[in-house]
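All remarks here apply to the structure that follows.
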Amino acid sequence: SSGSNTDAADTNNKAPDFGWSQLVEVMEPLIDLYEESSENGPASGPNANPQAKKMVAEALNRLHHVLFTYHDSYTKNRPEAWHHLTEAYKHKMSVVVPYNKAMEVQKLTTTKAVFHRDFWPANIGSDTAVPIFIIGFVRSGSTLLERVLDAHPAIVGTGEDSVFNGRLEQIRNAIVKASMAGDMMELKEVVQEMADSVTDDMRERWKTIDANTEHDDDEGADADHPSTAVEPERFADKMLTNYFNVGFIHMLFPNALILHVARNPMDVLWSAYKHEFPAGGLDYTSAFESLAHMYHMYRQVIAHWDEALPGRITHVRYEDLVHDMPGVAKAIIGATGLEWNDSVLHFHTKKHAVNTLSTTQVRKGIYKHSLEAWKKYEPQLQALGKLVKDEAKWDLKTTLPNYIRPAADEPVVVGEE
C-alpha cells in the first residue's frame, strides 16, 4: 500500500461506500494470492507457462483497476489510487505484444505520401450527404456528439462498429485496381458503387437497430404492425481511428460532413490512460510511451488533412459542446443541412441501442466535472506531459459554420495553462 498515513486520515469523512468496504476486504487477499503466484508459481520465471502468466496478469490488472476506481471515486486518496492503477498496468502490459512504433510511423508516412493535395480527381465521388462521419482520439467526447446527432428525428447513429471502416479493405482494393487500369470512367463507377454500398449498409444497420429498439410511440408494434419510424435522412458513422481514413472518406463522399471532436490534450490522455478498454489496439493507452506516440500520430494526421484538404474537416471542441450545448448543437444540425428540432437538446433522455464506456455518462446529460480532470493527478502525469511536449496544448477552434462562442464563456486555450 503506497498512500501515506496523512492521505489515509484525510479519507475519514468520505461519502457512503455502497458496499465497497466488503468488496475491498475480499479483493486485497486475492491480490496477495495472485502476486505470490506471479512471483513463485507456474506463472513466474523465464520458463513460465504462457497461459498461466496471462491469466494471472489479467486477474491482477482487473483487481488493481477496481481498487484504483475505489480510491479515485470514494476515498479520494490519490496516491493510493495511482499506486493501484500503475500496478494494474504493470501486470497488463507484461503480457501484451510490444507497441510497434515503426509500423505506426510507416502508416502515417504512407498516408501523407499517398493523399497529397492533388490526389483526388475532379468529379469523382457520390453526391450524397447521407453519411456523417465522426472522428477523433479515443475518449474525446465522440459518444456525446453522436447522441446529440441521434436525438434529431432525421439522424441515426449506427453504433461503435463503423460501416465504412468495415468495408475499408474492399474500398481500398477496388480503388487501387481501378486506378491502375488508368480508366477514369471505370474509377468513377467503382467509387460510386462503393459509396452506394456503404450507404445501403447503413440503412440495413439502421433497420436492425430500429427493430431492436423500443419506441415511445409504437408500443403495439409487431410483425404485422411494424414500427412507424421514418427512414432517416442522415446516418452518423463513428469510428475514431477513421481519422487515418479521411482520404478515402473524401474520395467516396466529397459532400459528407466529417466532424472531428477534439478535447483538451491532457484531459483526453488522462481519460484514455485510466480507462480499461476491451482487449486490442487500445491496450497501448495503458503505457505512457505508447499512449503519447499514438496521440502524436493522431495530431500529425489531423494536421495533414487540414493542409491537404483545407476546411474539409469540421472541428468541434468538446469544451464548447459542454459549455454551450444549445449553440453548438444548433450549429451541428445546421451543418448537416437539416432543419432544427428541439428534441436534440433532450438527447440524454432518448433510448439508444448503442453501448460504450461513455454511454452511461451521456445518459446523465451534460456534465462539466470531466473538464481538467487530469489536474487531480498532475504530479503523476508530469512524465506523460513531457512525452507529448508541445502537443500538451492545442489552440484549436470549433469550425462549425455560423458558430460563435459566447464571449462570457471564453475558455482558455485547449490545453494546460
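The values are calculated or read from the model by the stated rules, or taken from the named source; none is laboratory data. Just so you know, these numbers come straight off a predicted model, no measurement behind them. Reconstructed Cβ throughout: ideal geometry from the backbone, glycine too, with neighbour counts over all protein chains shown. Remember, those area values only see protein heavy atoms, side chains included, never the ligands or the DNA or RNA. Shrake-Rupley method; radii C 1.70, N 1.55, O 1.52, S 1.80 Å.
Key figures for this structure:
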{"read-out": "Å² of accessible area per residue within region 23-170, as computed with a 1.4 Å probe and no ligands counted", "value": "47 Å²"}
{"read-out": "Cα-based shape type of region 137-182, given that a ≥ b ≥ c are square roots of the gyration tensor eigenvalues and the cut on a/c is 1.5", "value": "prolate"}
{"read-out": "Viscosity 0.890 mPa s, 25 °C: Kirkwood-radius Stokes-Einstein D of region 115-208 over Cα pairs, µm²/s", "value": "162 µm²/s"}
{"read-out": "Segment A383-N123, length gained on full extension (0.36 nm per residue, minus Cα span)", "value": "88.7 nm"}
{"read-out": "Rounded FRET efficiency, nearest 0.05, which uses the C-beta distance separating D183 from L371 and R0 of 45 Å", "value": "0.30"}
{"read-out": "Whole-Hz ³J(HN,Hα) from phi, Karplus 6.51 cos²θ - 1.76 cosθ + 1.60, for region 381-386, glycine and proline x", "value": "9, 4, 5, 5, x, 5"}
{"read-out": "Protection proxy ranking, peptides 286-296, 165-175, average beta carbon neighbours within 10 Å, highest first", "value": "286-296, 165-175"}
{"read-out": "Of K274/K375; K53/K101; K90/K274; K53/K90, those spanning more than 22 Å from alpha-carbon to alpha-carbon", "value": "K53/K101"}
{"read-out": "Dipole magnitude of region 39-88, debye to nearest 20 (Cβ charges: Lys/Arg +1, Asp/Glu -1, about Cα centre)", "value": "80 debye"}
{"read-out": "Tensor-based shape of region 253-353 (alpha-carbon gyration tensor, a/c under 1.5 rounded, otherwise prolate or oblate)", "value": "oblate"}
{"read-out": "Shape category assigned to region 36-123 from the gyration tensor of Cα positions, a/c cut at 1.5", "value": "oblate"}
{"read-out": "Sequence ranges 327-336, 177-186, 384-393, ranked by mean other-Cβ count within 10 angstrom, highest first", "value": "327-336, 384-393, 177-186"}
{"read-out": "Those chymotrypsin sites (Phe, Trp or Tyr not before Pro) in region 63-169 that DSSP places in a loop and that have at most 15 other beta carbons within 10 Å", "value": "F119"}
{"read-out": "Amide H partners (placed H, <5 Å) of I135, local residues excluded", "value": "L259, H260, V261"}
